[in-house]
Amino acid sequence: MCNERMFLFIGPTSFGMSLSEVLPSETMVLPSVRRGDIQSLIEKEKASTVVIVDGTYHTYPAVSHVEIKNALQNNWKVWGLSSMGAIRAA
């Protein structure tokens, strides 16, 4: 298993799941990503992995492509899965 810290933005996709049973202990589970979250993360933490699963669409502005690009340029690994993650990964 990898000992690298991972930041997982997940919301409704995890409904009814016990994430602590399936994720490595190094994983920081965060709510659905919204504009500014990734930029804030890369400014505060050392480069590691960010996983985007769910994000906001209507209540708050969605995470921007610029934030993702900034993360990649700062040596972060960025994964996009399901929902917002798949949209931004495309």
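Just so you know, all these numbers are worked out from the coordinates, no wet-lab data involved. Everything numeric here is computed off the predicted structure, so don't read it as measured data. In this analysis, Cβ positions are derived from the backbone assuming ideal geometry, glycine residues included, and neighbour counts consider all displayed protein chains.
Semi-axes of the equivalent ellipsoid for the chain, computed as √(5λ) from the eigenvalues of its C-alpha gyration tensor and ordered from largest down, come to 19, 18, 11 Å. Residues S14, S25, S32, ranked from the fewest to the most other C-beta atoms within 10 Å, line up as S25, S14, S32.
The chymotrypsin sites (Phe, Trp or Tyr not before Pro) of the chain meeting both criteria, a DSSP state outside H, G, I, E and B (loop) and at most 15 other C-beta atoms within 10 angstrom of the site's C-beta, are F15, Y57. Per residue, the chain reaches -8000 deg cm²/dmol at 222 nm when only DSSP H runs of four or more residues are counted, each adding -39500 (n - 2.57).
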